[in-house]
Amino acid sequence: MAARPINPRFDDDMHFNLVSPGPPRYQTWTDKPVRYFTVVDKQGGAALGYVWASGEDDAAAWVPRKAAGGRALAEGGHWHARLQEAKGQGVPPSRALAEMLSNPEGNRGRALPDSLSDAPNTDAVKALAKGE
């Protein structure tokens, strides 16, 4: 049996180019105090989830409410995009939160007026979203 020829490309030099890490993002967890507001469904008013922010750790994120199911997950894309845009513009998380409250419309949901609250950290908001 004849030996199989070795592919000559194995001798080629290879170069790897680093790609950018993607768009700027806020941190998605903090053990520091956070402020958050509730996003409710435009149809019926059920809570879909929460947008939270903490200036201490440059952190902010959307947390879908488990009981709201797919509507909450779908609505998250809108709030994630708004947070990403704010971070890209260098907006501090607390200001981003205030701006979202002043322009409350989402896709399926909207920020609930007067729902801005405090929590000790992101785990507390996540527990709220799980219904604990």
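The values are calculated or read from the model by the stated rules, or taken from the named source; none is laboratory data. In this text, all values refer to a predicted model and were calculated from it rather than measured experimentally. FYI the Cβ positions are ideal-geometry reconstructions off the backbone, even for glycines, and counts take in every protein chain you see. Accessible surface areas use protein heavy atoms only, side chains included; no ligands, DNA or RNA. Shrake-Rupley method; radii C 1.70, N 1.55, O 1.52, S 1.80 Å.
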Q.
Every residue in the stretch 100-116 that is out of contact with any helix residue (DSSP H, G or I) (no Cβ under 6 Å at 6 or more places or on another chain) and either in a strand (DSSP E or B) or of a type in the set (G, A, S) (or both), please.
A. S102, E105, R110, S115
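Residues checked against (1) at positive phi; (2) within 13 Å of the chain's Cα centre (by Cα); (3) in a helix (DSSP H, G or I):
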| residue | (1), (2), (3) |
| --- | --- |
| V63 | no, yes, no |
| A74 | no, yes, yes |
| A98 | no, no, yes |
| D118 | no, no, no |
| D123 | no, no, yes |
Q.
Being closer than 21 Å to D31 by Cα and open to solvent by 80 Å² or more (accessible area, probe 1.4 Å) narrows it down to one residue among P92, P120, P113; which is it?
A. P120
Q. Of all the residues that make up the stretch 100-110, how many are without any contact (Cβ under 8 Å) to a residue 60 or more places away in the chain and open to solvent by 80 Å² or more (accessible area, probe 1.4 Å)?
A. 4
(Q) Taking the condition of being crowded, with 21+ Cβ neighbours inside 10 Å and of a type in the set (D, E), how many residues in the stretch 52-62 meet it? (A) 0
(Q) Within the stretch 63-85, take every residue that is of a type outside the set (D, E) and without any contact (Cβ under 8 Å) to a residue 24 or more places away in the chain and give me the one that is most open to solvent (accessible area, probe 1.4 Å). (A) L73
Q | Residue among G22, G49 that is modelled with pLDDT under 95 and either open to solvent by less than 90 Å² (accessible area, probe 1.4 Å) or of a type in the set (A, V, I, L, M) (or both) | A | G22
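Here are some residues: T38, T30. Which one is touching a residue at least 24 places away in the same chain (Cβ under 8 Å), in a loop (DSSP other than H, G, I, E, B), surrounded by 15 or more Cβ atoms within 10 Å (Cβ to Cβ) and of a type in the set (S, T, Y)?
Answer to the check: T30.
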